[in-house]
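A.B. asks: Pasting a structure below so you can have a look.
FYI, it's all coordinate maths here, none of it is from the lab. Computed from a predicted structure; not experimentally measured. As a convention, Cβ positions derive from the backbone with ideal geometry for all residues, glycine included, and neighbour counts pool all protein chains shown.
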Amino acid sequence: MLRYLRVLLELDSYQVETASNGSEALQRVREGCAPDAVLLDLQMPGMDGLKTLRRLLKLQPELKVIMCSGVDDPSEVRRSALLGAQAYLTKPVRHLYLSAAVERCLGPSLTKVAEKSLRPELVAAPSQCGKN
């Protein structure tokens, strides 16, 4: 799924990095990565997406988060929104829906800039995150 999302986002001119789980995503933010947005899976190894969402927003309250899940459960969508997620995508994620969600989160002016780094876990400018 990470590779698939990477390809879709690179087609939209984002430079993509991935984190394999919530703990890795949190560690990158703690180390100074300042993402514009996060694409976060609801079910991940170790820490789940909702717990990761809560912790990411404690570190960066203004962070834009798009949740992603293979489960189309209205209660999960509601919980995600109540915790601060701006969008919820159901897998398999369609390119059009992903592009629209990212644009909605970042705003049209930011999505036109190709120098962004978008991670299926984290979105940030390469100069702000050491790993590409």
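A.B. asks: Below 13 angstrom from the Cβ of Val93, what's the summed charge of the other residues (Lys, Arg +1; Asp, Glu -1)?
C.D. replies: +1
A.B. asks: Tell me, what ³J(HN,Hα) does each residue in the range 57-66 have, in order and in whole Hz, if you take phi through Karplus 6.51 cos²θ - 1.76 cosθ + 1.60 with θ = phi - 60° and put x for Gly and Pro?
C.D. replies: 6, 5, 6, 9, x, 8, 4, 8, 10, 10
A.B. asks: Hey, another quick one. What residues have an amide H closer than 5 Å to that of Gln15, excluding those fewer than 5 places away on the same chain, when H is modeled at 1.01 Å from N in the peptide plane?
C.D. replies: Answer set, sorted by chain and number: Lys116, Ser117, Leu118.
A.B. asks: Compute the Cα gyration tensor for the range 1-53, then decide on rounded, prolate or oblate, letting a ≥ b ≥ c be the square roots of its eigenvalues: rounded whenever a/c is under 1.5, prolate when a/b is larger than b/c in the other cases, and oblate in all that remain.
C.D. replies: Because a/c hits 1.5 or more and a/b fails to exceed b/c, the range 1-53 counts as oblate.
A.B. asks: Full-extension gain between Asn21 and Lys58, please, as 0.36 nm times their residue separation minus the C-alpha to C-alpha distance.
C.D. replies: Going from the current span to full extension adds 11.6 nm.
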